[in-house]
1. For segment 302-385, just the Cα atoms, rotate onto the principal axes and tell me the three extents in Å, largest first.
2. Can you give the alpha-carbon Rg of segment 2-86 over 2.2 N^0.38 Å, where N counts its residues?
3. For residue 351 paired with residue 171, estimate the spin-label separation in nm (one decimal), with each label point 7 Å from Cα along the Cα-to-Cβ line.
4. To the nearest 0.05, how large is the calculated FRET efficiency for residue 58 and residue 14 if R₀ is 22 Å and r is the Cβ-Cβ distance?
5. Defining a contact as two alpha carbons under 8 Å apart and six or more residues distant in sequence, what relative contact order in percent does segment 1-44 show?
6. When the expected Rg is taken as 2.2 N^0.38 Å, what fraction or multiple of it is the alpha-carbon Rg of segment 186-226?
7. Find the accessible area per residue for the chain; the probe is 1.4 Å, ligands and nucleic acids are left out, and the unit is Å².
8. Less than 25 Å apart at the alpha-carbon level, and either on another chain or at least 8 residues along: which lysines does that give for residue 268?
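The values are calculated or read from the model by the stated rules, or taken from the named source; none is laboratory data. What you see is a predicted model; the values in this text were computed from it and never measured. Please note: Cβ atoms are built from the backbone with ideal geometry, for glycine as well, and neighbour counts cover all protein chains shown. The area values use the complete protein model at the heavy-atom level, side chains included, leaving out ligands, DNA and RNA. Shrake-Rupley method; radii C 1.70, N 1.55, O 1.52, S 1.80 Å.
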Amino acid sequence: MRILVDANIPFAQECFGELGTIKRLPGREIDTASVGKVDILILRSVTRVDEALLDGSKVRFVGTCTIGTDHIDLAVLEARGIGFANAPGCNAQTVVDYVLSCLLLAAEHDGKQPDQRRVGIVGAGNVGRRLYRRLSALGIDCLVCDPPRAVQPRAETEGSEGFVDLDTLIAECDTLCLHTPLVEEGPYPTRHLLDERCIEALMPGTLLISAGRGDCLDGAALKQRLIARNDLIAMLDVWENEPAIDDELARRVTVATPHIAGYSLDGKLRGTYQVYQALMQYLGLPCRLTLDTLSPPPALVSLTLDAGLDKWQALRLCTRACYDVRQDHLGLSRYQATRGMAVGFDAYRAEYPLRREFSTLEVKLKPGAGQHAAMLEAAGFRVRETA
Ligand SMILES: NC(=O)C1=CN([C@@H]2O[C@H](COP(=O)(O)OP(=O)(O)OC[C@H]3O[C@@H](n4cnc5c(N)ncnc54)[C@H](O)[C@@H]3O)[C@@H](O)[C@H]2O)C=CC1
Ligand SMILES: O=C(O)C(=O)[C@H](O)COP(=O)(O)O
């Protein structure tokens, strides 16, 4: 079997090697010619899969090791009888780590600690739900906007209560976290969900974090508001026209990262593994690998806290030991300066530094720091109180 795998997918040889010959290509270079004789395509979100790509090919299965599927024309796959899998939720916890890092950084800009904010979560799926749980456990007040779920609750216990509409969320929150997929059709489309009107309505000082899909936010309108008033703290991970994103917008926001909110080794490995499981099932073969055996131990195993830190200092220290969004912001601007935005955006992603999820770090607490246990657990760390 011939298997074409995006070069940005870790553990591909381990997961797919037993099935045949693997060829690797950068996702944006995968084209009709390279797909020609391939049986299986294993991708991430940067390869558009449509009639044009598959024309004349014998592809039987397409897997995308990502949560998002907006790059795949699912109707074309169905019409051609091609098997398909994505990786729901694979890097959702990593995106929540990203948001926590953003919230802690924002406090250094406006002096508001996370629990002094009211956070509006737009899109409460795998990412938004986990974000809601972690923020609520940290004592942060949250409002949630998810019209599809408000109308069609996921669980029997979940009614429309608890959801608000987007205008209410914008009017009542000083922090907005956008986690919607790109939906083009149907009753709840999300292209420019945050349009010029919504962006104008954001109250001065609002912290805006966007980590779903770039097209859900009108970048030109945001740029205009930042030029006119510069009264928002905008932190963008996703952009219109990636990788050739709006250079000026990237310079005007407080944090600009190149679509890496979910880029932990854990999130990527889970994505690869979920697609491996789906492919083996599709082929009627047993899964001989387990996620645990594939997962390498973290480089930073533990850290120890003693007395002397307040709650947010302790959380900031542990968070930054695992993940510091400032490094990705500086990384993108450095790559942009040396290689230009369109090249630098992908180059930084391809050489992305090793990052692990908060849950891989054990925080040991000496008796003097015991009061931080519940808060650090709520934030996603493993906590052990020591003598
Ligand atoms: N920046 C990054 O690195 C990453 C970005 N993503 C993006 O984040 C998106 C969300 O991920 P998940 O939560 O796992 O997806 P999901 O499919 O589990 O949840 C999406 C949620 O958005 C809601 N939604 C749909 N239309 C809406 C609308 N008009 N207004 C408000 N809510 C709406 C849905 O009802 C659903 O609850 C993904 O589709 C993907 O595009 C995911 C992982 C990493
Ligand atoms: O999982 C998703 O959906 C994402 O947005 C990915 O984490 C993005 O990764 P790439 O596809 O850009 O490598």
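1. 50, 21, 17
2. Numbers: Rg = 11.5 Å, N = 85, 2.2 N^0.38 = 11.9 Å.
For segment 2-86, the normalised Cα radius of gyration comes out at 0.97.
3. Placing both labels 7 Å beyond Cα along the Cβ direction yields 5.0 nm.
4. Numbers: r = 25 Å, r/R0 = 1.15.
The calculated FRET efficiency here is 0.30.
5. Numbers: 62 pairs, mean separation 25.4, N = 44.
58 percent.
6. Details: Rg = 10.4 Å, N = 41, 2.2 N^0.38 = 9.0 Å.
Relative to the rule-of-thumb radius for its length, segment 186-226 sits at 1.15.
7. Numbers: 16600 Å² over 387 residues.
Per-residue accessible area for the chain comes out at 43 Å².
8. Output for residue 268: 23.
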